[in-house]
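Each reported figure results from applying straightforward, stated rules to the coordinates on display, with no laboratory input. Note that the structure is a prediction, hence the values are computed from the model and not measured. Glycine also receives a Cβ, built like all others from the backbone with ideal geometry; neighbour counts cover every protein chain displayed.
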Amino acid sequence: NAGVTQTPKFQVLKTGQSMTLQCAQDMNHEYMSWYRQDPGMGLRLIHYSVGAGITDQGEVPNGYNVSRSTTEDFPLRLLSAAPSQTSVYFCASSMTLGDGYTFGSGTRLTVV
Amino acid sequence: SQQGEEDPQALSIQEGENATMNCSYKTSINNLQWYRQNSGRGLVHLILIRSNEREKHSGRLRVTLDTSKKSSSLLITASRAADTASYFCATVGGSNYKLTFGKGTLLTVNP
């Protein structure tokens, strides 16, 4: 099924561990973004990409890295996990800038 | 920082009634979008209204945009229990067309 696929769905990390959240889309969308959602905070933009090889920071980029080597994939790396990174992470994509986004089902991350 | 702010934060209505949610924003936009999120799920795009449009319809949804007041409203007519969800407005603006979300309105439709 066409869409945005996120893995894993759930993850528990210990403080200081690193991990990569995977995001893949098969719709040939140029624009991809990562958001985190925390209670009472809505969705906040972490990083985004306007095409392969191009990434930029969003509102809350500290502690996260991204790369975009292909159009399809946009992984999010946590360098050294902290309890403040406990959140639900969503990847989203759109065909072009300003279009409606298609969201993945999310990754629920707990850092202990 | 949040661009859009939804009002009210929570809304409870009976099935069959209309639900109206409002969104205010601070800076100029290219377009404004509304999304729905069912509990524990990803967001689903509902409707997009461009800055040069004033009203748009999609099924039971009606969206208005007033750029002079920097505000938008989402009307859901003849609501159903299945409409129970959180609704978010999101604005697209700036040269890089970033999508910025508000904190959402939790709509509960009672059967």
statement: B:ASP7 and B:GLU53 label points (each 7 Å along its Cα→Cβ direction) are spaced in nm at 2.4 nm
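Is there a quick way to get the dipole size of the protein assembly as shown? I mean about its Cα centre, with the Cβ of Lys and Arg at +1 and of Asp and Glu at -1; what is the value in debye to the nearest 20?
Working: 20 positive and 17 negative charges, 49 e Å.
Rounded to the nearest 20 debye, it is 240 debye.
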query: On full extension of the chain, what length is gained from B:ASN110 through B:ARG41, given 0.36 nm per residue of separation minus the C-alpha to C-alpha distance?
result: 22.8 nm
- prompt: For chain B, modelled as a GNM with alpha-carbon contacts under 10 angstrom, which of B:SER86, B:SER58, B:SER24 fluctuates the most?
  reply: B:SER58
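Compute the Rg to Rh ratio over the stretch A:54-112 from the alpha carbon atoms, using the Kirkwood formula for Rh, and round to two decimal places. Don't skip to the answer; put the middle values down first.
Details: Rg = 12.7 Å, Rh = 13.1 Å.
A ratio of 0.97.
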message: If you scale each eigenvalue of the Cα gyration tensor by 5 and take the root, what three semi-axes come out for the protein assembly as shown, rounded to whole angstrom and sorted largest first?
response: 29, 20, 16
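Taking N as the number of residues in chain B, what is its Cα Rg relative to 2.2 N^0.38 Å? Intermediate results must be reported in sequence, preceding the final value.
Numbers: Rg = 13.3 Å, N = 111, 2.2 N^0.38 = 13.2 Å.
Taking N as the residue count of chain B, the ratio is 1.01.
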field: Separation of the A:ASP56 and B:THR64 label points, Cα + 7 Å toward Cβ, nm
entry: 3.4 nm
Within the stretch A:1-91: Cβ-based charge dipole about Cα centre, in debye rounded to nearest 20 (Lys, Arg +1; Asp, Glu -1): 340 debye
field: Distance between modelled label sites at A:THR5 and A:GLN17, nm, 7 Å Cα→Cβ extension
entry: 2.3 nm
message: Can you compute the charge dipole magnitude of the stretch B:40-111 about its Cα centre, using +1 on each Lys and Arg Cβ and -1 on each Asp and Glu Cβ, nothing else charged? Give it in debye, rounded to the nearest 20.
response: 60 debye
message: Using the Cα atoms of chain A, I'd like the radius of gyration and the largest Cα-Cα distance, Dmax, both in angstrom.
response: 13.1, 38
